[in-house]
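The numbers here are math on the coordinates, done by the rules we state, and not lab data. Computed from a prediction, not measured in an experiment: that's the story for all the values here. Cβ placement follows ideal geometry from the backbone for every residue including glycine, while neighbour counts extend to all protein chains displayed.
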Amino acid sequence: MVVSQAGAPAVVARDVCKEYPLGDVTVHALRGINLDLPTGKFVVLLGPSGSGKTTLLNLAGGLDVPSRGELYALGERLTDMSQKQLTHYRRELVGFVFQMFNLVPTLTALENLLLIEQLVGGSGLSEKLLADVGLAPQRDHLPAQLSGGEQQRVAIARALVKRPKLLLADEPTGALDAKTGQDVLSLLWRETRERGMTVLMVTHNSAFAQMGDIVVRLRDGVIAEVEPGEARDPHEIEV
């Protein structure tokens, strides 16, 4: 299968399975996933705990590999990549936003972005992105001097600084209160739309499904439903 042509899907899964040994038991995290996600869309992965959402996100990000099946992302066949190739894929093409902010505690907000810039060869966007997320006045603050919402905004700016083609967000508001979470998601929604990248966001909050162009519902490791979303700014969503 060739998926590197112009207009190709951002993520393609064919009979993808992921299994984990747990003592004498095998845990089937994903069971034969088939999926085609178009480029430049905001995709929400929805489902209860244990449904396979984060596992699918980790596979798309090259953080893990399928047990069986074929997986392509951004024209790359991830299934047979070496660890070195997967590291290059993650560094050059993918941005990550996690529930826990994972900022370097001894670096300022700006330095957290500059560190990523240095790793990818320098985009020159750090100061602009920090201003874009409303944190220019806090550029010299350490993470401990920032609120949870401010830290997550730094994390979003850090994910964007390398201009990724694919952005993966795993429960990005899980550690935030409802209002701050809504603010952070609105920022993420607007920033990613303006930059034209493909976004996969995991959430268990069904209200936030409304912000997606596409909603993928998982249950017990299988895709229960794929449906169009409403593409609404999270500030317009009642949570």
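A simple count of charges around residue 109, restricted to other residues whose Cβ falls under 14 Å of its Cβ and scoring Lys, Arg +1 and Asp, Glu -1, yields -2. With R₀ fixed at 30 Å, the C-beta to C-beta distance from residue 222 to residue 87 puts the FRET efficiency at about 0.50. Here's the picture: charge each Lys and Arg Cβ at +1 and each Asp and Glu Cβ at -1 in segment 1-135, and of 94, 113, 10 the one pushed furthest to the positive end of that dipole is 10. Here segment 34-93 is treated with +1 on each Lys and Arg Cβ and -1 on each Asp and Glu Cβ, and its dipole about the Cα centre works out to around 140 debye.
For the set 41/162; 128/179; 53/84; 84/162; 53/128; 128/162, the pairs lying more than 23 angstrom apart at their alpha carbons are 128/179; 53/84; 53/128. Using Cβ point charges alone (K and R +1, D and E -1), the dipole size of the chain about the Cα centre works out to roughly 480 debye. Placing +1 on each Lys and Arg Cβ and -1 on each Asp and Glu Cβ, with no other charges, gives segment 164-239 a dipole about its Cα centre of roughly 220 debye.
Using the empirical formula 2.2 N^0.38 Å as the baseline, the Cα radius of gyration of the chain reaches a ratio of 0.99. Which of 164, 188, 57 sits closest to the plus end of the dipole of the chain, meaning its Cα is farthest towards the positive end, when Lys and Arg get +1 and Asp and Glu get -1 on the C-beta? Checking the options against the dipole of the chain, the answer is 164. Overall dimensions of segment 97-239, expressed as equivalent-ellipsoid semi-axes from the Cα gyration tensor (√(5λ), whole Å, largest first), are 27, 16, 14.
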